[in-house]
Amino acid sequence: MMVQGQSAVLVVGAGPTGCAAGVALARAGVDVCVVDRASFPRDKTCGDAVSNEGMQLVERLGARNAVLQGPHALVRRAAAVFPDGSRVERSYDEPGYIVPRLHLDDCLRRALQASGARLIEQCRVSELVQEDGRIVGARGPELRWSAPLVIAADGHGSVGLAALGQALPRDRYLAVSTTGYYRNVSFPQGADVADHYFDDELPCGYAWIFPAVDGVSNLGVYIRADAYAAHDRKLAQLYGNFLERARDRLRDAVPVGKPRTWSLPLAPRPAPISAPGLLLAGDAGGFIDPLSGEGIWQGLYTGWLAGEVAASAAAGAGLNAALQQRYTKSCWRAIGRPSRGKARVQEGLDLIVKRKLYRSRLVRAALGFGYRHHALEMTKS
Ligand SMILES: Cc1cc2nc3c(=O)[nH]c(=O)nc-3n(C[C@H](O)[C@H](O)[C@H](O)COP(=O)(O)OP(=O)(O)OC[C@H]3O[C@@H](n4cnc5c(N)ncnc54)[C@H](O)[C@@H]3O)c2cc1C
């Protein structure tokens, strides 16, 4: 059935980013419609780690209680684990969370609908519509929608990139990751530790085992695309090799479902994130932390910001150059600039692994100091 209509703002995608944008707009009293090709609840390939800061933004959307009433685990400690088994650990004053995306995203979707935003599910956008150099709506096999402002929150491979004439991110602006679930993983250091394994085989990346939710743990491998391209091993092999290295922890474990692979567009994005009538947010805008691979907080943050900027545009003269600049600058301050520093930390860690410097107690003590004092955010939760 053809869906036709119009709204002051159209948001493409109802993941964390699109929900944050939609709630910000609906609360500001703006007529907003959110479309998603999926039907909820839907899963998303992810490590499922939501940092404490991420949960604070979930709370802002009014979804925290619903999330914590469903399946989740607390992360009270995190560790960087080196090839010889040595560990650099930190504990959190406020915990992080592991929340299966099937549950998290459905709670966010319900918060979106509760805010008064319209949601259209099972409706794919295939392209954004342009007129006189401005985005003025979206089209799909079963969609014709007019809106003077579109927020692209449709994740990696966004329709917003094609509208801007941009290629998909690659090299140091992209990572690839495979993740899977196992029941009965052992946790010799305690059930609330998120372990991040650094290894020669995963330059500019790491592997992880996260605390179990209802007995099932999420684990996976993550590697930057340029480092992966220089590799002679396929991702499935890197994942298999990690399972082999972690065999002590997996002795009694059984796989739940099949491993899944997806891409992560990394910050800082080297290309514009807005154009007349268009804002890119979340993965669509390439905001994932290059060091940790965290993108849920970034999606919630930039989605909300895009919603606020779009609300100002709707209340005034539209998305003018000043508002576009405000959005770009705010994203750069909160995510782009810090990500540049994170990429340097990642390169430093690579050197430490490659040269086996982690064997030195002094190096581990320095890493531990930086880690505990937030200078090295090596981990996601
Ligand atoms: C393997 C892996 C592990 C990860 N682990 C973590 C982690 O532990 N913690 C963390 O914080 N981040 C993690 N990330 C990153 C995180 O998953 C993303 O950053 C986050 O989901 C971004 O949210 P989003 O709303 O921008 O995009 P998405 O979550 O991808 O949502 C996009 C939405 O848009 C819809 N959509 C897409 N295309 C269209 C279209 N053409 N028309 C209509 N709708 C469309 C989709 O159905 C989807 O609902 C991981 C990523 C991967 C791949």
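Here, each number is a calculation from the coordinates, and none is a lab measurement. As the structure is a computational prediction, the values presented were derived from the model and not from experiment. We place every Cβ from the backbone using ideal geometry, glycine too, and count neighbours over all the protein chains shown.
Of all positions in the stretch 229-248, none carries a residue that is within 16 Å of the ligand (Cβ to nearest atom), among the charged types (D, E, K, R) and touching a strand residue (DSSP E or B) at 6+ places or on another chain (Cβ under 7 Å). When the stretch 278-326 is limited to residues that are at positive phi, surrounded by 24 or more Cβ atoms within 10 Å (Cβ to Cβ) and not in a helix (DSSP H, G or I), the one that is nearest to the ligand (Cβ to nearest atom) turns out to be G293. Starting from the stretch 249-278, keep only residues that are within 16 Å of H156 (Cβ to Cβ) and in contact (Cβ under 8 Å) with a residue 24 or more places away in the chain, then list their pairs with residues that are of a type in the set (D, E) and buried (at least 17 other Cβ atoms within 10 Å of the Cβ) whose Cβ atoms are within a distance under 8 Å, requiring at least 6 positions of separation or different chains. Qualifying pairs under 8 Å: L264/D283; P265/D283; L266/D289; A267/D289. Return yes when D195 is among the charged types (D, E, K, R) and surrounded by fewer than 19 Cβ atoms within 10 Å (Cβ to Cβ) and no when it is not. Here the answer is no, as D195 does not meet what is asked.
If you scan the stretch 1-56, which residues turn out to be within 14 Å of the chain's Cα centre (by Cα), within 9 Å of the ligand (Cβ to nearest atom) and aliphatic (A, V, I, L, M)? Result: A14, A20, A49, V50.
Going by the structure shown, is R269 touching a helix residue (DSSP H, G or I) at 6+ places or on another chain (Cβ under 9 Å), among the basic types (K, R) and surrounded by 15 or more Cβ atoms within 10 Å (Cβ to Cβ)? It is true that R269 is touching a helix residue (DSSP H, G or I) at 6+ places or on another chain (Cβ under 9 Å), among the basic types (K, R) and surrounded by 15 or more Cβ atoms within 10 Å (Cβ to Cβ).
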